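Here's the structure, in structure tokens; my notes come after.
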């Protein structure tokens with residue numbers, strides 16, 4: 001059983017099976033709107049919140065990111081999705097699946 005994100009605690013996001021040592025951008029959204037990035041790649045978490053982070057996957061193509069939930073955060077559903085630079089992907093960018101996180 002995985003812990004449920006709650007205010008004042010930390011949960012973790014993980015990216016697996018990415019390109020080793022690739023640069024990735026993490027986005028947070030509040031819905032399921034589609035934001036086309038390239039002809040073959042889209043974010044599916046729109047509208048986006050005013051947040052993004054540039055991260056690097058490890059040499060195994062993975063990323064483990066602890067995410068603190070500030071105390072006082074109201075109950076909400078948020079969605080996370082990453083874009084990964086990958087020259088073997090169509091248009092050079094791969095997208096992770098969108099992840100729905102319910103903060104209680």
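The values are calculated or read from the model by the stated rules, or taken from the named source; none is laboratory data. Just so you know, these numbers come straight off a predicted model, no measurement behind them. Cβ placement follows ideal geometry from the backbone for every residue including glycine, while neighbour counts extend to all protein chains displayed.
Values computed for the structure shown
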{"read-out": "Of all residues making up region 81-94, the number that are part of a strand (DSSP E or B) and over 19 Å from residue 53 (Cβ atoms)", "value": "0"}
{"read-out": "Residue count for region 70-80, restricted to those that are crowded, with 20+ Cβ neighbours inside 10 Å and part of a loop (DSSP other than H, G, I, E, B)", "value": "0"}
{"read-out": "Residues that are part of a strand (DSSP E or B), within 18 Å of residue 103 (Cα to Cα) and in contact (Cβ under 8 Å) with a residue 60 or more places away in the chain, drawn from region 1-26", "value": "11, 13"}
{"read-out": "Of all residues in region 27-55 being touching a helix residue (DSSP H, G or I) at 6+ places or on another chain (Cβ under 7 Å) and in a strand (DSSP E or B), the one that is surrounded by the most Cβ atoms within 10 Å (Cβ to Cβ)", "value": "41"}
{"read-out": "Residue check for residue 59: part of a loop (DSSP other than H, G, I, E, B), on the phi < 0 side of the Ramachandran plot and modelled with pLDDT of 95 or more", "value": "yes"}
{"read-out": "In region 15-26, the residues that are under 9 Å from residue 54 (Cα atoms) and crowded, with 19+ Cβ neighbours inside 10 Å", "value": "24, 26"}
{"read-out": "Residue that is surrounded by the fewest Cβ atoms within 10 Å (Cβ to Cβ) [pool: residues in region 95-104 that are part of a strand (DSSP E or B) and more than 12 Å from the chain's Cα centre (by Cα)]", "value": "102"}
